[in-house]
1. How long, wide and thick is region 45-91, going by the Cα atoms along their three principal axes, in whole angstroms, largest first?
2. Expressed as a fraction of 2.2 N^0.38 Å, the rule-of-thumb size for a compact globular protein of N residues, what is the C-alpha radius of gyration of region 118-199?
3. Given the pairs Lys225/Lys328; Lys328/Lys364; Lys143/Lys257; Lys116/Lys429; Lys143/Lys425; Lys112/Lys404, which span a C-alpha to C-alpha distance of over 27 angstrom in this model?
4. Taking a probe of 1.4 Å, how large is the accessible area per residue of region 33-166, in Å²?
5. Using a 1.4 Å probe and counting only protein heavy atoms, arrange Leu370, Leu129 so the residue with the most accessible area comes first.
6. Heavy-atom accessible area per residue, region 240-309, 1.4 Å probe: how many Å²?
7. Local charge sum around Gly412 (other residues, Cβ-Cβ under 10 Å, Lys/Arg +1, Asp/Glu -1)?
8. How large is ³J(HN,Hα), in whole Hz, for each residue of region 286-299 in order, when computed from phi with the Karplus curve 6.51 cos²θ - 1.76 cosθ + 1.60 and θ = phi - 60°, using x for Gly and Pro?
Amino acid sequence: MGQSASTVAGAQNRIKFRSSPVISSMKEIDDSDDVIDVFEVGEFDYSSNIPDECLACIFHFLSSGDRKSSSLVCRRWLRVEGQSRHRLSLNAQSELAAVVPVIFSRFDSVTKLALKCDRRSTSIGDEALVLISLRCRNLTRLKLRSCRELTDTGMESFAKNCKGLKKLSCGSCAFGAKGMNAVLNNCSALEELSVKRLRGITDGAAAEPIGPGVAGGSLRVICLKELYNGQCFGPLIIGSKSLRTLKLFRCSGDWDKILEVIAEQVSELVEIHLERLQVSDTGLAAISKCSILEILHLVKTPECTNNGLKTVAENCKLLRKLHIDGWKTNRISDDGLIAVAKHCPNLQELVLIGVNPTCASLEKLATNCLNLERLALCGSETVGDPELSCIAAKCIALRKLCIKSCPVSDQGMEALASGCPNLVKVKVKKCRLVTSGSADWLRTTRGSVAVNLDTPEPENPDASASDGGVPEVGNEIRQVAGQVRGVSIASSSTGRSNSFKARLGLTTGRNLVACTFRRWSSFGGSSSSRNN
C-alpha cells in the first residue's frame with residue numbers, strides 16, 4: 001500500500017538477488033556460454049569492481065564455513081577462494097588418492113598441509129604423497145598423523161619435490177631413518193622438526209644415524225616425543241648449529257652424554273624441555289654451559305637434584321621461565337630455589353609441581369626476582385597460609401597466581417586482598433580449606449582481580465587412584481586451524497574442544513601444567529617472541 005511501482009520492482013529484484021546464487025551454483029552451464037551466476041540482466045554486480053587480491057583478503061577474515069558458503073556464490077568467488085586458501089587439512093585415508101588431482105586443482109596455492117588418518121583406517125601410501133608433492137611444490141609446512149602406509153621411498157620422493165619445506169611434524173608414521181634423512185638432505189630451509197612415535201627406526205646398534213644433512217644449517221626447533229631409539233637423532237641435534245629450542249619428551253636411554261656433546265657444539269640454545277627423561281645432575285651441568293638459556297622445563301626427571309639446579313642457576317643468568325615437576329621426590333627444594341633467586345634476576349615465570357618450597361626460598365625469589373609475573377604452586381605440602389602471605393607481601397610484580405592442591409585456607413586468601421598490587425588473576429584449585437566465601441570477598445575487595453575457585457568435589461571411596469600423582473605435561477603445536485569443510489574427503493573436527501580437554505585433565509589429574517598455564521600463554525607472548 002502506498003508504494004510506487006519502482007519500489008515494488010526494487011523489492012522483487014532484491015528477492016531475486018538473494019535466491020539466485022543457490023540456483024545458479026547448481027546449474028550445469030557450457031563453458032562456451034556467457035555466465036551470469038548471480039545477477040539478472042539490468043542488475044549491477046558491485047563485487048565486480050573489487051580486485052581479486054582484495055576479495056581474497058576479505059575471505060581471509062571469514063570462518064571456514066563462511067568461506068565455503070562464499071565459494072558457492074559464483075564462479076569467480078569459487079576460483080578466488082580456492083586460489084587464496086593457503087591452509088588445508090585432509091582426512092588421509094587411502095580413498096584420498098583418487099581425488100588428489102581434483103582437490104589440488106582448486107586449491108593450487110596451499111602452503112600448509114595436514115594429512116591425518118584414523119588409527120583404525122588404512123592411510124594414504126607413497127603414490128598419493130608423491131602426487132600431492134607434485135601439486136604443492138610451494139609447500140612450507142607438512143603435518144603427518146598416523147600415515148602408516150608411507151615408506152622411506154615415498155618420503156624421499158616428497159622431499160625432492162618440496163625442497164622449500166620449513167616445518168615438518170610427523171606422528172605415528174611407519175617410515176624410518178632413511179626417509180627422515182631424505183628430508184634433511186633435501187630441505188635446506190627446514191626450520192622446525194617435530195617427531196613423535198616414528199615406528200620405522202631400527203632398534204639398537206643397527207640404528208642408522210639421523211642428520212644433520214643440509215637442514216643442519218637452518219633448523220631452529222627440534223622436538224622428539226616417545227621415541228624408543230631417539231638417541232639416533234643425536235647427530236642431527238649436534239649438527240644443528242642454529243638450534244634455539246630443544247624438546248625431549250619420554251625418549252628412552254641415558255641422555256647425559258649426548259647433552260654434554262650438545263652443549264659443547266650448539267651454543268645458541270635458549271629453550272630446553274626435558275620430560276620423563278633419564279638425565280641426572282651431569283646432564284644439568286652440561287646444560288649450564290648454554291649461557292644464553294632463557295627457558296628450562298624439568299618434568300619428572302627424578303635424578304636431578306638441588307646440585308644440578310644450582311649449577312644451571314649459576315651459569316644461566318638470563319633464565320626467564322623455569323618449570324619444575326619434582327614428582328614429589330623432594331630432591332629439589334629450598335636450596336636449589338634460593339640459588340635460582342640469587343643468580344637469575346630476570347625470572348618472569350615459575351611453575352613448581354610436587355616441589356616443597358617454604359618462606360625461605362619464596363621470600364628470596366620475591367626479593368631478588370623483581371620481574372616475577374607468573375607463579376604456580378601445585379601439589380606442594382609446605383605451601384600454606386604463611387607462604388601465601390609471604391607471596392602477597394613480597395611479590396610486587398606478580399600478575400598471575402595459581403595454587404593447586406596446597407594446604408592454604410581462607411586466611412591466606414585474605415592476605416591477597418592487600419598484597420600483590422599488580423595482580424590480575426588468581427586460580428585456586430583443589431584447596432579444601434578455601435571456601436567460596438573468601439573467594440567472593442576477594443572479588444569484592446579487589447574488583448580488578450579475576451578469581452577462579454575450583455570447589456573440591458567429594459572424594460569417591462571407590463576410586464582406584466587419587467589426584468595426588470603429578471600429571472604429565474603436553475604442548476602440542478596447533479598448526480592447521482579453520483580448514484576446508486567443502487571437500488568431502490576433508491576431515492571434520494572430531495577432536496574435543498580445548499576447554500573440554502582442560503576439564504578432562506582436571507578430572508583425571510593428568511594435565512596439571514597445561515591447565516595451569518595454557519590459558520596464561522598470552523602473557524608470555526611478548527617476552528617469548530624473541531625466541532621465535
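1. That works out to 37, 18, 16 Å along the principal axes.
2. 0.98
3. Details: Lys225/Lys328 23 Å; Lys328/Lys364 22 Å; Lys143/Lys257 31 Å; Lys116/Lys429 36 Å; Lys143/Lys425 35 Å; Lys112/Lys404 39 Å.
Check vs 27 Å cut-off fails for Lys143/Lys257; Lys116/Lys429; Lys143/Lys425; Lys112/Lys404.
4. Accessible area per residue, region 33-166: 51 Å².
5. Ranked list, largest accessible area first: Leu370, Leu129.
6. Details: 2220 Å² over 70 residues.
On a per-residue basis, region 240-309 sits at 32 Å².
7. Neighbour charge sum, excluding Gly412 itself: -4.
8. 5, 4, 4, 6, 7, 5, 9, 4, 10, 10, 9, 10, 10, 10
The values are calculated or read from the model by the stated rules, or taken from the named source; none is laboratory data. Given the structure is predicted, the values throughout are model-derived calculations rather than measurements. Here the Cβ is made from the backbone with ideal geometry for all residues, glycine too, and neighbour counts use every protein chain on show. Each accessible area value is taken on the protein alone, full model and side chains, heavy atoms only, with ligands, DNA and RNA left out. Shrake-Rupley method; radii C 1.70, N 1.55, O 1.52, S 1.80 Å.
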